Every structure is written in C-alpha cells, then in structure tokens.
1. Restricting to the range 40-57, name every residue that is in a strand (DSSP E or B) and either within 18 Å of Trp111 (Cβ to Cβ) or open to solvent by less than 50 Å² (accessible area, probe 1.4 Å) (or both).
2. Looking only at the range 58-85, count how many residues are assigned to a loop (DSSP other than H, G, I, E, B) and of a type in the set (D, E, K, R).
3. What is the residue count in the range 18-39 for residues that are open to solvent by 60 Å² or more (accessible area, probe 1.4 Å) and closer than 19 Å to Gly114 by Cα?
4. Going through the range 1-13 one residue at a time, which ones are surrounded by 14 or more Cβ atoms within 10 Å (Cβ to Cβ) and assigned to a loop (DSSP other than H, G, I, E, B)?
5. Restricting to the range 108-121, and then to whatever is open to solvent by 40 Å² or more (accessible area, probe 1.4 Å) and in contact with a Ser or Thr (Cβ under 6 Å, 6 or more places away or on another chain), can you tell me which residue is nearest to Gln3 (Cα to Cα)?
6. Just the residues that are buried (at least 20 other Cβ atoms within 10 Å of the Cβ) and within 23 Å of Gly15 (Cα to Cα), please, taken from the range 58-77.
7. Evaluate the range 88-107: report whether one residue or more is surrounded by 14 or more Cβ atoms within 10 Å (Cβ to Cβ), within 22 Å of Gly10 (Cα to Cα), among the β-branched types (Val, Ile, Thr) and in contact with an Asp or Glu (Cβ under 9 Å, 6 or more places away or on another chain).
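The values are calculated or read from the model by the stated rules, or taken from the named source; none is laboratory data. These numbers come from a predicted model, not from an experiment. Here the Cβ positions follow ideal geometry from the backbone for every residue, glycine too, while neighbour counts run over all protein chains shown. Heavy atoms of the whole protein, side chains included, go into the accessibility calculation; ligands, DNA and RNA do not. Shrake-Rupley method; radii C 1.70, N 1.55, O 1.52, S 1.80 Å.
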Amino acid sequence: QVQLVESGGGLVQSGGSLRLSCAASGTFFRINTMAWYRQAPGKQRELVAAVTSGRSTNYADSVKGRFTISRDNAKNTVSLQMNSLKPEDTGVYYCYADIRRRVGSYLTTYWGQGTQVTVSS
C-alpha cells in the first residue's frame, strides 16, 4: 500500500509564506514525477508545480517566481515553498506522485488527501 501524506497547510495573511510537505510511504521501486495541484472552491483542480526524478521543474504561470518545488529522492518527499501568497492562492493543495511499484511495472498515480491553504486579504 502506497500513501502520500501532506502537511503544512494553514491560514496566512496576504504576502506571507507557507511550506507544504508530502511524504510517500509504503513499498515501491521508484517515484517518477512528483507535483502539487490545487483546487479552489468551484474550480477545477490545476497543476501548481511539478518536479521530475531528475529535478526538472515546471510551474503554473500564476506562481512563477513565488513558489519553489523541491524533492528529496532519498526520503521520498516533495515540498512546496510558497512566498508572497495572494488570496487567489487559496484552495486545497494535493500532493501527486507517479510511482512504479516494481521493476518493469507500469506507473501508477497516487494522490494525497489534501491540505487546506487559506490566504486572507
């Protein structure tokens, strides 16, 4: 059983910072891409940032220059440092990982349970 467990959400004022963390646990061979998605009330879930196993990164235009994604392959963790937060960053943030359970097996997508981020104006 593979699980993604997130931590670090909360309430912050506009202009503030938060750091989200996600740890993958269980038995698996390798983690490929890890990412953070978010879903605001009444909106579709959207990609915030992604990082490959080789540490190539990709960001939504709305967070470029403010958010930084990083991962620790030895600890199977991914983090999202969020600075200069805006009210429009409010939403539930989900950790995402593409995981290969065994050598030669197909990739399986896993999601965390979500953590609430609220930015007040």
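1. Selection gives Glu46, Leu47, Val48, Ala49, Ala50, Val51.
2. Of the residues in that region, 3 qualify.
3. 2
4. Selection gives Val2, Gly8, Gly9.
5. This residue is Thr118.
6. Across the range 58-77, the qualifying residues are Val63, Phe67, Ile69.
7. No, the range 88-107 contains no residue that is surrounded by 14 or more Cβ atoms within 10 Å (Cβ to Cβ), within 22 Å of Gly10 (Cα to Cα), among the β-branched types (Val, Ile, Thr) and in contact with an Asp or Glu (Cβ under 9 Å, 6 or more places away or on another chain).
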